Amino acid sequence: MAKRNVAGNSSFEKTSLASMDQKLAMAKRCSHEGVMAGAKAAAVASIATAIPTLASVRMLPWARANLNHTAQALIISTVAGAAYFIVADKTVLATARKNSFNPPSNA
C-alpha cells in the first residue's frame, strides 16, 4: 500500500490559514467599527428623542395624561435601538464593500 503525504505543514495550507486569519481579522475590524458607530448613533438618538419627549409630557395635557414613565422610556429606547441597528448595519456593509474592492496588502 502506498503512503500518502499527510503532513499538515504544506505551503498551501499555510497560505490558506494565513488568508483565513487575515479575513477573520478584517471581519472583526468591520464589526467593531459597526458597533462603535451604532453606539454613537444610539447615544445621539437617545438625547435627541428624550428632550422632546420629556418636554411634551410637561407641556401638553394629552401627553401628560397618556404617557407614563414606562411609555416615555419605551419611546426613547425604541428610537435608540433602531438607530443602533441601522447605523451598525450600514457601517458594516460599507466597510465590507470598501474592503472587497481593495484587496489586502501583504505587508
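Readers should treat all values here as calculations from the given coordinates under stated rules, not as data from a laboratory. Keep in mind that this is a model prediction, so the values were computed, not measured. Here the Cβ is made from the backbone with ideal geometry for all residues, glycine too, and neighbour counts use every protein chain on show.
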Most to least packed among 58-66, 89-97, 38-46 [average Cβ atoms within 10 Å]: 38-46, 89-97, 58-66
Quick check: Cα centre of the range 43-91 to Cα centre of the range 19-35, how many Å? 33 Å
